[in-house]
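All remarks here apply to the structure that follows.
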Amino acid sequence: MASPVRHYVGGGFDASGVPFPLVDPVTGSAVGEVPQASREVVDRAVRAAREALRGPWAAWSPAERSRLLHRIADGIERRFEEFVTAECADTGKPRELASTVDIPRAVANFRSYADLLAGRSERSWHTTTPDGRGALNYTVHKPLGVVAVISPWNLPLLLLTWKVAPALATGNTVVAKPSELTPGTACLLAEVMAEAQVPAGVFNLVHGTGADAAGQWLTEHPGVDAIAFTGESSTGTAIMRAAAARLAPVSFELGGKNAGLVFADADLEQAVEGTLRSAFTHSGQVCLCTERVYVQRPVFDEFAAALAAGAKELSGYGPMVSAAHRDKVLGHLARATADGDVLAGGGVPHFGDERDGGFWVEPTVLAGLPEDHPAVRDEIFGPVVHLAPFDTEEEALTLANASPYGLAATVWTGDVSRAHRVAPALDVGIAWVNTWNLRDLRTPFGGVKASGIGREGGDHSLDFFSEPMNVCVKL
Ligand code: NDP
């Protein structure tokens, strides 16, 4: 039996608030309730986080914080199966995916920042710079203060911990608000924080929706010093407006409309297998998923036939997270299937069991739509990929870059020179060559244009979550 969904404020659990239903995306049935945090709960969480900043936490050394992050990672590992079950229950994703990606990555998020901190003695973290002019300069890295972490429903624990871990590593306190659709693993994380003896108020969790509710109240709260957000670009705009009122720093990981470029010199089998993964992992509900694939004309037909055949054979995929999201994806499909060619999927699968009440969409391969069609232009965030041909490298780059988004791209080619020419010319934060979603957590992660502001990962996150201050002493 899963634990009830509760807020975690100042080291105590609290289930107050008007409840709204939690729905199983696999079957569409209500399976629980989420309490909507009141303004009072949000205020209390921010106050607890602020008080904790003035408590013993402020004196913890990097080494102590490093050990704490390892204890949290140990706690997640100890309850691994519970975390997998909770993540699958909320998102409907296959157990295989949660147990090989989501939960291990959450553990790795804490361990990688723990290791980064352990590698920094107090001295190197507080660098000294004698300037040779009779003065000593040194830099002190201070926490930002109270950080609001607001995260989406697609990779709930992975994306929450991706920000909570570096925020704690740098000595901040946190008020987290996960998506109201997927609160389960965040609740388990709060229990792990308590078990790991995270000081009261250092990590707080509130549940609720975004607009005119817990999410918005946090972003507008004068007691919140910085906001780390992952979600849709339009939500990023609303949050930036709220943060602008008091000039609070923001770190944004936003939407994408990621392109794949398949050149005729690529290993086609590898490109097809990689594109199946990049388009359909978690039914396309990953910000890094490929939704547009441009294929060089001589191999277009072969690639399209192989990708469509692969998409038809896919099994063991999960549903859309909610009825509203399913309806958005099906809305795109209704227009796209009327205006273009459907090479695979295009509708709703029928199972003949309770899953027919859930929010399923078939893996879909489209072609023949103009570049300004909504299905080619807008982020769908579902199992839908569109194929279009190109002739020259220049044309491929123009097509890939003609998007308001700029998160990630994938290049499939057997020509090393082309790989190094094309990848850096893409207007994105991350380009993969002959692979997809291969991640080293120390590398800069983020997007350009409407896909984000700032970079996270390794030192980049430590930089965002801390304020370097210079002290100059005349000798
Ligand atoms: P949303 O932007 O709808 O929601 C994200 C979070 O913000 C949720 O917790 C939501 O609450 C909250 N929220 C909504 N409105 C406000 C507001 N006005 N003020 C404060 N908080 C608010 O994104 P989705 O949950 O739909 O997630 C999918 C999106 O996330 C896609 O666009 C995807 O590309 C992007 N994404 C980007 C990634 C990246 O690294 N660049 C990674 C993963 C996803 P609630 O939903 O509970 O109402």
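The values are calculated or read from the model by the stated rules, or taken from the named source; none is laboratory data. The structure displayed is predicted, hence computed values, not measured ones. So basically every Cβ, Gly included, is an ideal-geometry build from the backbone, and we count neighbours across all protein chains shown. Note: areas computed on protein heavy atoms with side chains; ligands, DNA, RNA excluded. Shrake-Rupley method; radii C 1.70, N 1.55, O 1.52, S 1.80 Å.
Observations, loosely collected:
- Seen against the Cα atoms of the chain and their longest principal axis, helix 323-339 is set at about 30 degrees.
- Between 0 and 90°, nearest 10: helix 184-195 axis offset from the chain longest Cα axis: 30 degrees
- Projected over all directions and averaged, the alpha-carbon convex hull of the chain occupies 23.8 nm².
- Contact order normalised by residue count of the stretch 177-304, Cα under 8 Å, 6+ apart, percent: 18 percent
- Among the listed pairs 257/328; 163/449; 142/163, those beyond 19 Å (Cα-Cα): 163/449
- Where only C-alpha atoms are counted, convex hull volume of the stretch 269-394 per residue in Å³: 105 Å³
- In Å², nearest 10: area of residue 440 left accessible to a 1.4 Å probe: 60 Å²
- Whether the stretch 1-110 is rounded, prolate or oblate, judged on the alpha carbon gyration tensor where a/c under 1.5 counts as rounded: oblate
- Tensor-based shape of the stretch 303-348 (alpha-carbon gyration tensor, a/c under 1.5 rounded, otherwise prolate or oblate): oblate
- Amide N of the stretch 450-475 lying under 16 Å from the label point, which is placed 7 angstrom from the Cα of residue 140 along Cα→Cβ: 466-474
- Computing FRET efficiency as 1/(1 + (r/R0)^6) for residue 443 and residue 118, where r is the C-beta to C-beta distance and R0 is 22 Å, gives about 0.65.
- Kirkwood Rh, angstrom, the stretch 400-475 [1 / mean 1/r, Cα pairs]: 14.5 Å
- Among 65, 421, 78, 355, the order of accessible area from largest down is 78, 421, 355, 65, computed with a 1.4 Å probe on protein heavy atoms.
- Using the alpha carbons alone, the radius of gyration of the stretch 329-463 stands to its Kirkwood radius in an Rg to Rh ratio of 1.03.
- Net charge over other residues, Cβ less than 11 angstrom from the Cβ of residue 219 (K, R count +1; D, E count -1): +2
- Over the stretch 237-301, all Cα pairs binned in 5 Å intervals from 0 give whole-percent P(r) values of 4, 15, 19, 15, 11, 10, 8, 7, 6, 4, 1, 0, listed from short to long.
- Residue separation of residue 339 and residue 474 scaled by 0.36 nm, minus their Cα-Cα distance, works out to 41.4 nm of gained length.
- Inter-probe distance in nm under a simple model that places probes 7 Å from Cα toward Cβ, at residue 96 and residue 195: 2.8 nm
- Net charge over other residues, Cβ less than 14 angstrom from the Cβ of residue 425 (K, R count +1; D, E count -1): -2
- Fraction of accessible area attributable to carbon and sulfur, the chain (%, probe 1.4 Å): 55 percent
- Each listed q (0.22, 0.30, 0.31 Å⁻¹) maps to a log10 I(q)/I(0) for the stretch 195-245 from the Debye sum over equal C-alpha point scatterers, namely -0.86, -1.30, -1.35.
- For the stretch 283-430, the share of DSSP beta bridges that are antiparallel, to the nearest 5, is 25%.
- Anisotropy class of the stretch 79-220 from Cα gyration tensor, a/c 1.5 cut: prolate
- Cα-based helix-to-principal-axis angle, 233-244 vs the chain, degrees rounded to 10: 20 degrees
- Taking every DSSP beta bridge that has both ends in the chain, the antiparallel portion is near 45%.
- Looking at the chain, the accessible area is 40 square angstrom per residue; that uses a 1.4 Å probe and ignores ligands, DNA and RNA.
- Separation between Cα centres of the stretch 1-50 and the stretch 56-94, rounded to whole Å: 19 Å
- Given a 1.4 Å probe and the protein chains as shown, residue 179 ends up with an accessible area of around 10 Å².
- Distance from the C-alpha centroid of the stretch 392-441 to that of the stretch 202-257: 30 Å, rounded to the whole angstrom.
- Convex hull volume of the stretch 169-273 per residue (C-alpha atoms, cubic angstrom): 181 Å³
- Take residue 195: with every protein chain present and a 1.4 Å probe, its accessible area is about 100 Å².
- Taking 0.36 nm per residue of sequence separation and removing the Cα-Cα distance, the residue 30/residue 264 pair yields an extension gain of 79.4 nm.
- With a 1.4 Å probe rolled over the protein heavy atoms of all chains, the accessible area of 221, 350 falls in the order 350, 221, largest first.
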